[in-house]
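The values are calculated or read from the model by the stated rules, or taken from the named source; none is laboratory data. Since the structure is predicted, the reported quantities are computational estimates derived from the model, not experimental observations. Quick reminder, even Gly has a Cβ in these numbers, built from the backbone with ideal geometry, and neighbours come from all protein chains shown. Please note that ligands, DNA and RNA were not included when accessible areas were found on the heavy atoms of the full protein model with its side chains. Shrake-Rupley method; radii C 1.70, N 1.55, O 1.52, S 1.80 Å.
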Amino acid sequence: MTEQRTYGDRVGVVTVTYFPGETLEKFLDTLDKATDRDVHVVVADNASTDGAPEKAAERENVTLVSIGENVGYGTAANRGVAALDDSYGWVVVVNPDLEWEPGSLDALLEVAGRWPRGAAFGPLIHDLDGTVYPSARLLPSFGRGIGHAVFSKVWPGNPWTREYRQENAAPTERTSGWLSGSCQLFRREAFDSVGGFDTRYFMYFEDVDLGDRLAKAGWQNVYAPSSSVMHIGGHSTARASAKMLRAHHSSAYRYLADRHQGLLWKPVLAAVKLGLALRVKLETRKG
């Protein structure tokens, strides 16, 4: 029988980088004001050549994990978490193109103290113009997911998208189906108990999948809008938008296929796969 690991109360921050540019420095500068605690940062780098990760590693509280190739978000995040010793019982996994509000990390930790079965805690995320991003959502059921995928571009206000994105829900502290992977505080015990992110997801849906698996294991995903951060968004993925679009649709199919197995689902999944491939072609051609 494997002995259960125990963790300390230190806080680690893991950020996955891929040509982060100047955003990484701003991320680290604002993190200094987000908490009064001593925080160690692990930069898990997917083969950037812009020098930004190396420059960040010159800081006393930053460790660089150079992966040497682009292994995707979830895999890199897992490796970053693994670089922290067992004294780190709290781990933030976060994008580098994000700026922390003063006290925001301490606010997340405060919320975590109120939820003993909380595994993942997500702050309120807003864009540059102040628009709140719907970062706490329902899990994408088959019907809801297809409705959102088919109509979100041509009919943004459709009922499936509104229900899935929970856009009409007030920003109150509550449990959620899943939380945006752009910024989450994890209870290390919970994160490790389910094996972290599923490495089969190169990009996208790794956060949806993890939220689902945590809930099935008896943990909770908690939206914590008393903490607020600003996400610039799209800085690294803009380098390969067509590739990222294909990755998104591949991940969407994987998520659905994993949860709808058996002969009866095969023709439905085949139709979904065809529809997603067609959408990739149309969107790529439009771009």
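Every condition in (1) open to solvent by 30 Å² or more (accessible area, probe 1.4 Å); (2) under 23 Å from Gly130 (Cβ atoms); (3) under 19 Å from the mean Cα position of the chain (by Cα) is met by Lys33 except one, and the failing one is (3). Could you list all residues from region 173-205 that are part of a helix (DSSP H, G or I) and modelled with pLDDT under 95? Across region 173-205, there are no qualifying residues.
If you go through region 239-253 and pick out every residue that is polar (S, T, N, Q) and modelled with pLDDT of 75 or more, you end up with 2. The number of residues in region 131-150 that are crowded, with 19+ Cβ neighbours inside 10 Å and modelled with pLDDT of 85 or more comes to 3. If only residues of region 172-191 that are without any contact (Cβ under 8 Å) to a residue 60 or more places away in the chain and among the hydroxyl-bearing types (Ser, Thr, Tyr) are counted, the one that is farthest from Tyr7 (Cα to Cα) is Thr172.
Cβ separations smaller than 6 Å between residues 6+ apart or across chains give the following pairs from region 203-218 residues that are open to solvent by 30 Å² or more (accessible area, probe 1.4 Å) to residues that are β-branched (Val, Ile, Thr) and modelled with pLDDT of 95 or more: Arg213/Val194; Ala217/Val194. Scanning region 69-93 for residues that are assigned to a loop (DSSP other than H, G, I, E, B) and touching an Asp or Glu at 6+ places or on another chain (Cβ under 6 Å) yields a count of 0.
With respect to (1) open to solvent by 20 Å² or more (accessible area, probe 1.4 Å); (2) part of a strand (DSSP E or B); (3) in contact with a Phe, Trp or Tyr (Cβ under 9 Å, 6 or more places away or on another chain); (4) not aromatic (Phe, Trp, Tyr), the lone exception for Asp50 is condition (2).
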